[in-house]
Each structure stands twice: as C-alpha cells, then as structure tokens.
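S.K.: I'd like to ask you about the structure that follows.
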Amino acid sequence: CLAHPMYRLHLALCALHGLTCYSVDIVDAYGHSDGPPVPCYVRVDQAYRDWWFARFSERLPSSELVLPMHKALQGHPHAGKSYENKITEVLQDLNFKGTTHERNILTGSIDGELCLIARQIDDFSIGTKLEATARKLATLIGQRLQAPKESKIPIKFLGLLDKFVGTD
C-alpha cells in the first residue's frame, strides 16, 4: 500500500524542481500484463460474450468455450507480480529509474525535460514543467501497454493532480 512519506517526498521533489503534478490512470492495468506462468483457463459466460461484442464488435460462439489466460486477471495470485514486471519493463524502456529504497518514485526525462513519477499500482503522479510533456509521457506508457486489438491506448490523463490514491 502507498506509504504517505513516499508521496510527500515526490511532492517535495516536484516543488524543489518547479514541476507541476498531473494525474494519470492506467485502464485495466492487470489485463495489460502477461498471464500466469502456469497454464490457466477460464470458462466463457454470457457476460463475457456481451463484453467481447461491445469491445470488439465480434460475436463469440454460444457453445461453452474454455480459453487460456494470456493476460493477468485481477484476483489471480500471479496478477500483481505480472503487472509489476510489465510496468517496470515499460518504465525502464523509457529510461526511468527508481530510487534505491523506493521503487515507486522514478526519475527520467522526455525530450530533455526532467520528469518525476510516483506510482501506486495503476495510479501515477507525473511531475513536469509542461503539461504537454506529462501528456506525452502518459501516451508513451499507454502505447507500450496497448493490446493489438485495442483502438485506444489504455491511459486516462486526468489533468492537474488534486488527490493521489485517495489522499488530497
């Protein structure tokens, strides 16, 4: 769970560097992570068929289907670790580095501009001088998480940070 000292440290560092904090949320974070290391299957029910059609405009057969889990499913014992590995890989790919003792505070740059990140699972606080830079970083993260059939990147840019994980 989020340690408030980590959040306060992030805000202090952003203030020290004259950065503005923006809020970003990853949509369906676990669903954008790899599936469990041991084969796991789910039975397709009508609710899933309805969701699939609404999402992809493609009807699944009405017979009983059993599908392999290729992505993490929230609640599965390996989902948290799978998401942690995926988002760490994405951020490292963008050359962001965590601190020695707190891996959820990261520093990096976009187009030469300093960016500081505090993250708690799928909630991000991104500190930058310009809103456009925060939006670009959010887009870059989303593009790396986007599934092949998704029409939109799985990121919500929420604007100026007014609370983070329920803390004002």
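The values are calculated or read from the model by the stated rules, or taken from the named source; none is laboratory data. Everything numeric here is computed off the predicted structure, so don't read it as measured data. Here Cβ is always computed from backbone atoms with ideal geometry, including for glycine, and neighbour counts include all displayed protein chains. In case anyone asks, the SASA skips ligands and DNA or RNA and just uses the protein heavy atoms, side chains included. Shrake-Rupley method; radii C 1.70, N 1.55, O 1.52, S 1.80 Å.
Okay, residues lined up against (1) surrounded by 17 or more Cβ atoms within 10 Å (Cβ to Cβ); (2) within 16 Å of the chain's Cα centre (by Cα); (3) not basic (Lys, Arg):
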site	(1), (2), (3)
Leu16	no, no, yes
Leu19	yes, no, yes
Ala29	yes, yes, yes
Ser33	yes, yes, yes
Pro39	no, no, yes
Arg43	no, no, no
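S.K.: Can you work out which of the residues in the stretch 118-150 that are among the hydroxyl-bearing types (Ser, Thr, Tyr) and without any contact (Cβ under 8 Å) to a residue 24 or more places away in the chain is least open to solvent (accessible area, probe 1.4 Å)?
M.R.: Thr133
S.K.: Go through the stretch 67-168 and tell me which strands (runs of 3 or more DSSP E), entirely inside it, have 3 or more residues that are under 21 Å from Val27 (Cβ atoms).
M.R.: 113-120, 123-128, 155-160
S.K.: Name every residue in the stretch 151-160 that is open to solvent by 50 Å² or more (accessible area, probe 1.4 Å) and either more than 12 Å from the chain's Cα centre (by Cα) or of a type in the set (Asp, Glu) (or both), in order of residue number.
M.R.: Ser151, Lys152, Leu158, Leu160 - these are the residues of the stretch 151-160 that are open to solvent by 50 Å² or more (accessible area, probe 1.4 Å) and either more than 12 Å from the chain's Cα centre (by Cα) or of a type in the set (Asp, Glu) (or both).
S.K.: Scan the stretch 151-168 for residues that are under 22 Å from Tyr83 (Cα atoms) and touching a residue at least 24 places away in the same chain (Cβ under 8 Å) and jot them down.
M.R.: Correct list: Pro154, Ile155, Lys156, Phe157, Leu158, Phe164, Val165.
S.K.: When only residues in the stretch 61-91 that are in contact with a Gly (Cβ under 9 Å, 6 or more places away or on another chain) and open to solvent by 40 Å² or more (accessible area, probe 1.4 Å) count, which is modelled with the highest pLDDT?
M.R.: Looking at residues that are in contact with a Gly (Cβ under 9 Å, 6 or more places away or on another chain) and open to solvent by 40 Å² or more (accessible area, probe 1.4 Å), I get Thr88.
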